[in-house]
Amino acid sequence: HATEDQQSMPRLDHENLKKATVYIGEKNYYERQELRELFLAQGLKQVVCHANLDGLRDLIVELPPDLVIISDDFDKDIYQLVKDIRFQKIGDNPFMLISMVVNPNNGAALNRAIEAGVDDIIIKPVSAERIQERLRLVTFHRRPFIATDGYVGPERKGEDPRPVGVRRIPVVNTLLEKVNGREMDKYALKAAVEGSLERVLQAQLDSQSFRLGEVCERLVQAYDSGSITDDVQTDLMTLADVLREASVVAQKLKDGDLSGLCTSLAGNVDQIATRYLNTSENDVDLIRKITTAFKMAMKTPEPDGQPDALQLT
């Protein structure tokens, strides 16, 4: 049932796959051995299996693979593992290929895997033909990533339209690099990851800027119209959280000024949230200026490193 697109893919052979590394997470011994044999049969030499999540996680931290294969019933925390990899909380390569092997009757696993940020779903039962087909797909036709404040991972065909301004980002694919004969030592990997990571982090900041604008607009409308409900306090707490998340992203981008600005504003907003029913004019004015301050700090810092919009009080 291969499509014309799949039939025209470049070939994978034993020679160009032998330097690639695959980690398999599967708790069932027989299924684990079967998966291992299927990948070895493709020409892969470095196939490492794990029966528990902690062992797999430790190995990813120690030496990032080119591809991780995880079974949908491996562990209840597999989706968090995928998300932690994508958000650079585990390992040195948030862009490693991740495939999940899913039981066709497990629709919930399918949806959760996609939401976590996997590259590919392999439907059971697994066969040599299916492994070969999916390997070619993720090697030569990896989808670009999108990055928001809540999701980092491949764009999905057929999903709802992307939010305004969300960019499609080509990211490093170490499996493709090795198939093409490029040596990927830890220095080459670091350089390749950093190039992709900067674009992803910048896209996250853009998304956070958009969210800040939405929340600030709702808050200003609520205060201007005098309709102060519990939703206002919830929005203020959300605003502080987004600012803290943006501070972390800015820190990763080595933008200390923006990170400091976000941390400071988050503290101010936390204070406003405690007195949301009795805010001052200055409080509401601060909320009005947050989006502008954030955008200016992102794009046009003054020569002394402090953007004009920092004059908030």
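One table, with the values for the structure above:
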| read-out | value |
| --- | --- |
| Residue list for the stretch 99-120, restricted to those being open to solvent by 20 Å² or more (accessible area, probe 1.4 Å) and over 17 Å from Phe145 (Cβ atoms) | Asn103, Pro104, Asn105, Asn106, Gly107, Ala108, Leu110, Asn111, Arg112 |
| Residue tally, condition open to solvent by 30 Å² or more (accessible area, probe 1.4 Å), touching a helix residue (DSSP H, G or I) at 6+ places or on another chain (Cβ under 6 Å) and not hydrophobic (A, V, I, L, M, F, W, C), over the stretch 17-51 | 2 |
| Subset of the stretch 52-92 (residues that are in contact with a Gly (Cβ under 8 Å, 6 or more places away or on another chain) and open to solvent by less than 20 Å² (accessible area, probe 1.4 Å)) | Leu53, Leu56, Ile60, Val68, Ile69, Ile70, Ser71, Phe74, Ile78, Val82, Ile85, Arg86 |
| Subset tally (residues that are open to solvent by 10 Å² or more (accessible area, probe 1.4 Å) and either of a type in the set (D, E, K, R) or part of a strand (DSSP E or B) (or both)) for the stretch 122-158 | 14 |
| Ile90 part of a helix (DSSP H, G or I) and either within 18 Å of Tyr151 (Cβ to Cβ) or among the basic types (Lys, Arg) (or both) | no |
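Listed here are the residues, each with its yes/no results for (1) over 27 Å from Val152 (Cα atoms); (2) modelled with pLDDT of 90 or more; (3) of a type in the set (S, T, N, Q).
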| position | (1), (2), (3) |
| --- | --- |
| Arg218 | no, yes, no |
| Asp224 | yes, yes, no |
| Arg244 | no, yes, no |
| Val248 | no, yes, no |
| Gln251 | no, yes, yes |
| Ser264 | no, yes, yes |
| Asn282 | yes, yes, yes |
| Leu286 | yes, yes, no |
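The values are calculated or read from the model by the stated rules, or taken from the named source; none is laboratory data. In this text the structure is predicted, and so the values were computed from the model without any measurement. Every residue, glycine as well, gets a Cβ built from its backbone with ideal geometry; the counts of neighbours run over all protein chains shown. Only protein heavy atoms, including side chains, enter the accessible area calculation; ligands, DNA and RNA are left aside. Shrake-Rupley method; radii C 1.70, N 1.55, O 1.52, S 1.80 Å.
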